[in-house]
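Have a look at the structure below, then the notes.
The values are calculated or read from the model by the stated rules, or taken from the named source; none is laboratory data. Model, not experiment: these values are computed from the prediction. With ideal geometry, Cβ positions are generated from the backbone for all residues, glycine too; neighbour counts draw on all protein chains shown. These accessible areas exclude ligands, DNA and RNA; they are computed on the full protein's heavy atoms, side chains included. Shrake-Rupley method; radii C 1.70, N 1.55, O 1.52, S 1.80 Å.
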Amino acid sequence: MIPVVSYARISADQERDEHGIQHQHKVNRQTAERLGWIVVDEFTDNDKSAAKSGVVRDEFETMVRALRTGKLQDGRAIRGTVVMVEDRLVRRPGDYERFVEALTYREGRVYADQRGPKDLYSEDVESMGLIGAVIAKMEVRKMQRRMRNDHRRRALAGEPPAGGNRPFGWKDDRRTLDRDEATLVAKAAEQYVSGRGLNSIVRAWQEAGIKTTTGREWTTTSLKVLLRNPRLCGWRMINGELVRGPDGQPIVGQWDAIITPEQWMAVNAIFTARKGHLVNGSGSTSPLPQDFREHKHLLTSFLRCGRIRPDGTMCGARLRVTRQRDCVQHIYSCPPKSSGGCGGLGRRGDKVDEFISEAVLAKLEERSTAAQDVGPWPGEEDLKAVEDQIKELREQWRTRKISNALFFEEIPALESEQTRLRAERERYALTAQRAAADMTDIRRRWYSEDDEDRLDISQKRAYIREALHAVIIHPVGKGNGSRTKFNPDLLEPFWRED
Ligand SMILES: [Zn+2]
């Protein structure tokens, strides 16, 4: 009979009772018996303190020393260890290596867990152990997180987060809507999706004397934080990740939502797209580009001079806004030669604005009709399949049907596919959201007499930018009739591809 020791450890997320520890030792004794070994001593650790970095687990260390010398403190010989599962043995990186080093210090040592004996002299097993240590490290961190706060538990139960200031849009109970604030938030989200800039919304809120729940002025940053928070649609984010249930779906909180998940995904997709690059792809999924400069006129930077220079090339300069003494309206005109233009073209601003507005609205209406036919996101089944695969793989790994190595080999590709599909669904939601926006409402608001209701210049410019790249203004030909008669045929829009 080979003399071995039994090692047991109760992890902090299990019941820390004597019974649990005795159960582990009992299983270990049975494992040893089956293999013709005999347990001569028991080492026990409680993981409660081991999970805190820097705390040395005495019994584990004593066991490692004993294995190295091959003798217990009282002189009895030992030749191996039985543990219930390998990851009970390893809780921190380095533990496993030291253990293997001590055990294999001499020939003929044995090791087993409840799945059977393992040859720790083989390199293959050692590398598996390293993976085990990596997992263990992750698990320790997870455990610490669990112990530190019950954040996630509350989140999974759909409870609103405790502490901090009252969220804007809700009453003090954090569940019931504050009607006035919620209306503002809903409107801001809707306007943001339809292209209004954060600056423009913040200015309106400041002018209306609206303050944050801590009594401060709103800024673009605080508004951005507000709009990016999935709380608005009843979801919850922890460390930048949506809190999801076992089925992979976001947990729906117990508080009233201000906007729909689709609306929030649309808002979030715009922020995400703006963070780095514009998500363009098929074109229709690109969010409205933001207007960073504040423009006073509808079409500055869109209009180009179409006059043909003596050498036969087109001038192409960006038109500026000028005013002439005898004219109430603004004039779009080509800058002088000293500023890179030809100085030889000008057109009545009000007429150009009116014509281009109409053309853009017509184009958007046409696209909206086409986009409404897109139907549901076609990737739903793919996403479901990937999520099922991940669930299945995790379950197999958890129940030890597959090895750590296989799990870590398979899981990254599936997870990145899942991330990609989720992002795609968000972009799709954005497109559908915009398609669903009632174009007749946009048309009405474009011309509304009510300042509150009317789209502001930055919103209108966003729509224009979505519809077209530029408009070339061709010169009025000689002998083409009166110069004062406005001819829309001389405006040539360059539409963005559908
Ligand atoms: Zn010119």
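Here are the numbers for this structure:
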{"read-out": "Residue within the range 232-252 that is assigned to a loop (DSSP other than H, G, I, E, B), over 18 Å from Glu159 (Cβ atoms) and touching a Pro at 6+ places or on another chain (Cβ under 8 Å) present", "value": "no"}
{"read-out": "Arg320 vs. criteria near the ligand (Cβ under 9 Å from one of its atoms) and of a type outside the set (Phe, Trp, Tyr)", "value": "no"}
{"read-out": "Which numbered condition Ser200 fails, given (1) under 25 Å from Ile464 (Cα atoms); (2) modelled with pLDDT of 90 or more; (3) over 24 Å from the mean Cα position of the chain (by Cα)", "value": "(2)"}
{"read-out": "Number of positions in the range 442-483 that are among the acidic types (Asp, Glu) and at pLDDT 85 or above", "value": "1"}
{"read-out": "Selection within the range 174-222 - touching a residue at least 40 places away in the same chain (Cβ under 8 Å), assigned to a helix (DSSP H, G or I), within 28 Å of Gly253 (Cα to Cα) and open to solvent by 50 Å² or more (accessible area, probe 1.4 Å)", "value": "Glu190"}
